[in-house]
Amino acid sequence: MNDLISQSKINLYLSCSKKYFYKYIERREPSNATNIKNLFLGLFVHKAIEQFIRNKKIIFVDILYATLKEKDLFLTEIEDLREYPAKFFEFIKKNMKNEYYTQIFEQKIEELKTKTNIYPSTFDIAKTISEEVIKYCQNLFKNFVKIETEKRLEFGNILGYLDILAITDDFQQIILDFKTTKKEPTIQKKIQDILYSWLVYKLTNEIPKFKYIYIKYTEKEPITCEIKEFDLEYKEKDFEIIEDLLENFKKGVENNVFLRNEGSFLCNSEYCEFYNYCLSYKLEKN
Ligand code: SF4
């Protein structure tokens, strides 16, 4: 196995190895659109933080543009974009330089004018939670002497992209990871934290601290946003798990062990972009 291994590949393999097979082995096109709302919000918040670190201020239209540009996904899932308020579309239409995006927004204006939305738009939620997160970051960052965003780490064939790698004023490395959620966050260790801590350790010989920052938001008016932290730190002996995990993952892929995980809460058309391929299998089975 010579390809780079990321935590998202390992997570995907563990959550449904059949989905891993469709995505990374067969490289199939998605069979259906999925709900991109939480993904959009997560990306938007990350872009807002990045922009704040770079420019010490945030401009929402630039953040939206950067968010849409980042993922081709948004180009294929246009339906979800109709949640934006018409006013904003008109603003985008005038300001957007990229013709493709302009067309996308234009097509939806008529629909939006007639839509009675009792929920706030995804964009309004994104704005509100980004403002709260930036306030939180302003305080948090006061304790850091160095901050790097979207930090790429590579060791052997293991790859990781850290939201933020910072150095505190007592010269301790700390990884920050932001998560958006509608539900009460389940505070627990994940593959991501141990893998990223291990990567930093391998590259710098120092075990970093790790902080998850959960952003819990409401979807109904008034939009509220609650930020919760979860701190953890590994010891050198904990990293033995990584070797076992990587070994199991590599063996599974090399021996073509790709099984459907139909019992997973992610096994539905809202979360799995390969659901329709499995649907024919499900129908045959019945
Ligand atoms: S539909 Fe379910 S079983 Fe099929 S790939 Fe997706 S998550 Fe796996």
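Observations on the structure shown:
- Count of residues meeting criterion [of a type outside the set (Lys, Arg), modelled with pLDDT of 90 or more and loosely packed, with under 14 Cβ neighbours inside 10 Å] in the stretch 241-262: 7
- Test: residue in the stretch 225-247 that is over 29 Å from residue 208 (Cα atoms) and touching a helix residue (DSSP H, G or I) at 6+ places or on another chain (Cβ under 7 Å): no
- Considering the stretch 228-252, and only residues there that are in contact with a strand residue (DSSP E or B) (Cβ under 9 Å, 6 or more places away or on another chain) and more than 17 Å from residue 195 (Cα to Cα), the residue that is nearest to the ligand (Cβ to nearest atom) turns out to be 228.
- Set side by side, the residues 207, 194, 227, 175 differ, and just one is under 24 Å from residue 123 (Cα atoms), more than 15 Å from the chain's Cα centre (by Cα) and among the aliphatic types (A, V, I, L, M), which is 227.
- Selected residue (only one of 245, 259, 266 is in a helix (DSSP H, G or I) and either in the same structural domain as residue 205 (by TED's automatic domain parsing) or closer than 17 Å to residue 10 by Cβ (or both)): 245
- Pairs linking a residue in the stretch 264-276 that is in contact (Cβ under 8 Å) with a residue 60 or more places away in the chain to a residue that is aliphatic (A, V, I, L, M) and near the ligand (Cβ under 7 Å from one of its atoms), with Cβ atoms under 7 Å and 6 or more positions apart or on different chains, are 272/266.
- Whichever residue in the stretch 195-224 is surrounded by fewer than 19 Cβ atoms within 10 Å (Cβ to Cβ) and in contact with an Asp or Glu (Cβ under 6 Å, 6 or more places away or on another chain) and, among such residues, is farthest from residue 39 (Cα to Cα): 209
- The stretch 244-257 residues that are touching a residue at least 40 places away in the same chain (Cβ under 8 Å), paired with ones that are surrounded by 12 or more Cβ atoms within 10 Å (Cβ to Cβ) (beta carbon under 6 Å, 6 or more apart): 249/10; 249/13
The values are calculated or read from the model by the stated rules, or taken from the named source; none is laboratory data. Here the structure is a predicted model, which is why all the values come from computation and not from measurement. Cβ coordinates were reconstructed from backbone atoms using ideal geometry, including for glycine residues, and neighbour counts include every protein chain displayed.
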